[in-house]
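Heads up: the structure comes next, in structure tokens.
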Amino acid sequence: MKKKHLSTYVVAVFTILSFYACKDEFDIANLNEPQKLNVSCYPSTADTTWIRVGRTIPVGKHSHADEGLTIGNAHIIYKVNDQQREIAQQIPGLYYASGPQKVGDIITLEVTAEGFEGVKSEAIVPNVIPIRIDGLKRVSVYSHSQARFETYDQLTATFSDPQETTDYYAVRVRAINYKGYAYGQANPIYDENGEIDYYQTRWSLGNGRGAYADYLSHQEKYPEAEWHMELQDSAYSYPIINNEDEPLLNPISEMDENFGFDSDFFREFYIFSDASINGQTYTLHLNVATNATVSHYEFLMRYQVQLYHITPELYRYVKALNDVENNELAQSGFSLLTPTPSNILNGVGIMGGYNVTETEWITKTYY
């Protein structure tokens, strides 16, 4: 169930990336170009592979955008190592293929729909790159963008990059926030039967932010007391990583910043390549806000680091989206936007393989 939850969330993020890019997929010289199929597919080792099929909007026909972007009558041929898989449709425009896939599998995709030119693409499921979590601590880092020191929770996580290949990655921090409560009791008073009647001393530590850290502190200070802690409901979140302290995620210089370039990442999907670390064992330093909790889920927080090994096509696709978002000059009309690359032949979109590994959870024990 955990793997299914993760896979669904990953596909949701990738789908947003795909349709966000669609609005920039045009050529000024071809304003009357026919509509194309917009296809996104992300093969992995998950048991279900989702395929989203939509259409582009010609620049001169934005008034018809309310007709709907999804294609509900697409015919899809999805093959794993030349073996065709059955395709089902969940909702109009969202299709899926079921069945396991493994590292190295070659996935081919063909999509046709009435009124559109057929499209095709191909991807390979990349191998697993293990990652381990090393630690969690509070750090104070000088923020150039804010011109002041700021406090973060810093996670360190280590992985080894293969030397024989050029590899592309994305990293995310996942947090799980819990409701809960803790209390302690000491100095019992017994009744005539030798049963505990009541406790002279009680501590109720509440369920708010910092309560778990207080619980640990009280346990250490009053070891003779009876302590009770219960975790209740939980909620996941993906906090923003401040990348100023991690060179792999902050490739721009101060001069770039002065010329209107940023190093933000769309949808908290932090991509990087192994250009500067090929064949090395490398430790990521990932800073997230100390108050990155979910409202009403503040009793306890745990972190996990997720490392995505992604295909070159997916890396270039996401990088193009980031470049557009981070180029303030282009957004203001003072420089040209780079078109979003696509490996969907005769269409737009992306077919990119990935493999994701997760660290163990690490608990935040301080406030």
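None of the figures in this text is laboratory data; all of them are computed from the coordinates on show. Everything numeric in this text was worked out from a predicted model, so none of it was measured. In this analysis, Cβ positions are derived from the backbone assuming ideal geometry, glycine residues included, and neighbour counts consider all displayed protein chains.
The table for this structure:
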read-out	value
Cα→Cβ-extended label distance, 7 Å offset, between residue 77 and residue 149, nm	6.4
Per-peptide average of other Cβ atoms within 10 Å, ordering 196-209, 98-111, 136-149, 306-319 highest first	306-319, 98-111, 196-209, 136-149
Estimated distance in nm for a label pair at residue 219 and residue 102, the labels positioned 7 Å out from Cα along Cα-to-Cβ	4.2
Separation of alpha-carbon centers, the range 135-206 and the range 68-88, rounded to whole Å	44
Amide H contacts of residue 106 (H built 1.01 Å from N, under 5 Å, at least 5 apart or other chain)	81
Values of log10 I(q)/I(0), in the order q = 0.16, 0.20 Å⁻¹, for the range 136-252 under a Debye, Cα-only, solvent-free model	-0.96, -1.17
